[in-house]
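Asker: Below is one structure. I have some questions about it.
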Amino acid sequence: MDALLQIENLNTGYNGVSVVRGLNLTVNPGEVVALLGPNGAGKTTTLLTASGLVPVISGDIKVFGKSVQGRRPHLLAREGLAHVPEGRALFYQLTVAENLRLGAAKGAADLKKALGYFPALEPIKDRRAGLLSGGEQQMLAMARALTVSPRLLMVDEMSLGLAPIIVERLLPILRQIADETGAGVLLVEQHVHMALQVADRAYVMSHGELVIEGDAASLRNDRSLIEASYLGK
């Protein structure tokens, strides 16, 4: 099974200064991988680098078997990489339907498929995105990413600004997407216990470096490892 995302000894950051150092990480088809750690650990930078938005300093990231270096972000998206960024990046003056149509690669069929995962958007499809609740906005951001039928879906802080009960409803949808479509999912999430419920494997970063990796079930049973990493131990 060929990895959809293969990160090898990655050093990446800004203005030549490494924020992430020596990272190795893999996402395979049909699996959900959680990338965990405290704020400032380098998780968002890792996703931005995989999307081609932040340059690699050394090491490499391969998406669909090819290095991201020299590949434009929009071309990675056309090949099947979807990135839901922290903050959602919606067009708030446009309606739900208009936001979805902007992402749809194949028109109505893609829209119908995406809305199938988030049926709560159907009754409000003519409402402006800026008037939606936080949970509705997150559903819209996710649905828009799904309109391209991604092979690799990266989601950065789905739970940002949401009540835990909403997060409990949304996270299992990532598991469903991976199971039903065969897409790989890389999830950055602060709600550790919830992320480990839907993930197959997890990586924990601290201060830009990988400190723990393993299958999610094992990590769920040894929360002290996760807690130690978040405290910088």
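Asker: Can you grab the distance from the C-alpha centre of the range 171-199 to the C-alpha centre of the range 47-97, Å, no decimals?
Answerer: Value for the Cα centre distance between the two parts: 19 Å.
Asker: Cut-off 10 angstrom, C-alpha nodes, Gaussian network model of the chain. Which of 77, 120, 41 fluctuates the most?
Answerer: Per the Cα network of the chain with a 10 Å cutoff, 120 tops the list.
Asker: Among 114, 90, 124, flag the residue with its Cα farthest along the positive direction of the charge dipole of the range 89-149, charges on Cβ as +1 for Lys/Arg and -1 for Asp/Glu.
Answerer: 114
Asker: Shifting gears a bit: Dividing the alpha-carbon Rg of the range 89-149 by 2.2 N^0.38 Å yields what? Mind showing how you got there, number by number?
Answerer: Working: Rg = 9.9 Å, N = 61, 2.2 N^0.38 = 10.5 Å.
Working it through for the range 89-149, the quotient is 0.95.
Asker: Something else about it: Report, ordered by chain and residue number, the aspartates and glutamates lying within cross-link reach of residue 62, taken as a straight Cα distance under 16 Å and ignoring same-chain residues fewer than 8 apart.
Answerer: Once the sequence-local aspartates and glutamates are set aside, what remains near residue 62 is 2, 8, 79.
Every number here is computed from the coordinates shown, using simple stated rules; none is lab data. On a predicted model such as this, the values are computed, not experimentally measured, just so you know. Cβ sites come from the backbone with ideal geometry, for glycine too, and all protein chains shown count toward neighbours.
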